[in-house]
Structure formats: structure tokens, C-alpha cells
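The values are calculated or read from the model by the stated rules, or taken from the named source; none is laboratory data. Just so we're clear, the structure is a prediction, and the values are computed from it rather than from any experiment. Neighbour counts run over all protein chains shown; Cβ positions are idealised from the backbone, glycine included.
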């Protein structure tokens, strides 16, 4: 699975980094859920001063969504030579 990271400055000027954001295709059934959860996390991090400068989106999702959905998002089958179903 491919992951991306996002770096921005919050409202007080602190640099905040969100790592381990899964890259999903737009036709994936979890695409909207991941995008909306990412937006909630970024909104919360942007509006308040933070003690940490790096946050794992993967750990955030582990706490916020059902375990079955979490496994479906992060533990997809790996195919030889990037083949897809």
C-alpha cells in the first residue's frame, strides 16, 4: 500500500506533520470515510496548539473506526508485480 504525508502550519504557526495516510482509489468503498476522517483530524490539529509535531493517521484511525474496517483499509492483499483483482 502507498502512503502519503501532509505537513502544514497550524493557527499559532507551529509546524504539524500527519504521516501514514493511505492512498486509495476514488472507487474504493473506504475512500470517503478516510477523506472525511483526515479532514476531521486536520481541522482539530489546525485549530489548537499542539505538544507534538508529528501525528500518525494510521494510529488515529485505529482508535476511531471499527477494527474490521481498519483491517480492510490497511491490510490489503499484496499481489505479485502490482497486479490487481
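Out of segment 53-80, which residues are modelled with pLDDT of 90 or more and not in a helix (DSSP H, G or I)?
Residues satisfying the conditions are 53, 54, 55, 56, 65, 66.
I'd like the full set of residues that are surrounded by 11 or more Cβ atoms within 10 Å (Cβ to Cβ) and over 16 Å from residue 72 (Cβ atoms), limited to segment 22-47.
Matches in segment 22-47: 38, 40, 41, 42, 44, 45, 46.
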